[in-house]
Amino acid sequence: MGNITLTMVKPTAYKKGYAANILAKITDAGFRIQAMKTLRLSKAQAEKFYEVHIERPFYGELTEFMSSGPIVAAVLEKNNAVEDYRKLIGATNPKDAEEGTIRKLYASNIQENAVHGSDSDENAEIEASFFFAKNERFNNEGGLV
Ligand code: GDP
């Protein structure tokens, strides 16, 4: 059981001004923020991040979208972080997401679905390293993780 996951507030949700409400839901649910930044991915960076989806028909559209505007990226810490965060965000398609989940509340459609959440402990570490250097992640005492 890993204790971190990587999230992004995706461009549409950021543009609509939902980032603060989304982060409040995250911390209310017991996640601690180890690291956080606002940035805009280049197309090449989005392609790298979503490399595992390269064969999927929506890869081009998805990477175009993810590089279309600013996002918030954050490393979240909690016991069982990956599984608990996926429960909090809800299904990929907001039409299938349960009431009260972040995607149900803030997603526009299956692609512009408000947030990303890592799908495994291994990918959480890879994705955290994609956005953050070791000296940008902090523990609860204010030291480096
Ligand atoms: P996740 O783990 O719930 O984010 O879902 P996936 O790993 O299956 O897909 C990655 C991301 O691709 C999703 O979060 C969506 O932004 C996007 N996506 C997934 N399915 C579709 C689809 O059928 N069409 C489009 N346009 N985008 C999709």
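The values are calculated or read from the model by the stated rules, or taken from the named source; none is laboratory data. Since this is a predicted model, take the numbers as computed values, not measurements. Quick reminder, even Gly has a Cβ in these numbers, built from the backbone with ideal geometry, and neighbours come from all protein chains shown. We work out accessible area using only protein heavy atoms, side chains counted, and drop any ligands, DNA or RNA first. Shrake-Rupley method; radii C 1.70, N 1.55, O 1.52, S 1.80 Å.
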Fill in the blank from the handout: Pseudo-spin-label distance Met1 to Ile54, built 7 Å along Cα→Cβ, given in nm, is 3.6 nm
Exercise for the section: Loop only per DSSP, at most 15 neighbouring Cβ atoms within 10 Å: give me the trypsin sites (Lys or Arg not before Pro) in the stretch 3-43, ordered by residue number. Expected result: Lys16, Arg40
Fill in the blank from the handout: Result for the chain: accessible area per residue, probe 1.4 angstrom, in square angstrom, of 53 Å²
Exercise for the section: Sticking with the crude label model, points 7 Å out along Cα→Cβ, report the distance from Arg32 to Asn140 in nm, one decimal please. Expected result: 0.4 nm
Exercise for the section: Evaluate the relative contact order of the stretch 45-104 (contact order divided by residue number), counting alpha-carbon pairs under 8 angstrom at least 6 apart; express in whole percent. Expected result: 19 percent
Problem - Gyration tensor (alpha-carbon) shape descriptor, the stretch 67-145, a/c threshold 1.5 - result: prolate
Problem - Set of lysines with alpha-carbon distance to Lys134 below 22 Å, sequence-local pairs under 8 removed - result: Lys37, Lys48, Lys78
Exercise for the section: Starting from the alpha-carbon convex hull of the chain, give the projected area averaged over all orientations, in nm². Expected result: 8.2 nm²
Problem - Sparsely packed GluC sites (Glu not before Pro) within the stretch 62-145, loop by DSSP, other Cβ within 10 Å at most 13 - result: Glu98, Glu99, Glu141
Exercise for the section: For the stretch 81-90, just list the computed ³J(HN,Hα) in residue order, Karplus coefficients 6.51, -1.76 and 1.60, θ = phi - 60°, integers in Hz, with x standing in for Gly and Pro. Expected result: 4, 4, 5, 5, 6, 5, 5, 5, 7, x
Handout entry: Inter-label distance, nm, simple model (7 Å from Cα along the C-beta direction), Asn93/Gln45
Key = 3.1 nm
Completion exercise
So for the stretch 32-103, using the alpha carbon gyration tensor with a ≥ b ≥ c as root eigenvalues (a/c under 1.5 gives rounded; past that, a/b versus b/c decides prolate or oblate), I'd call it oblate
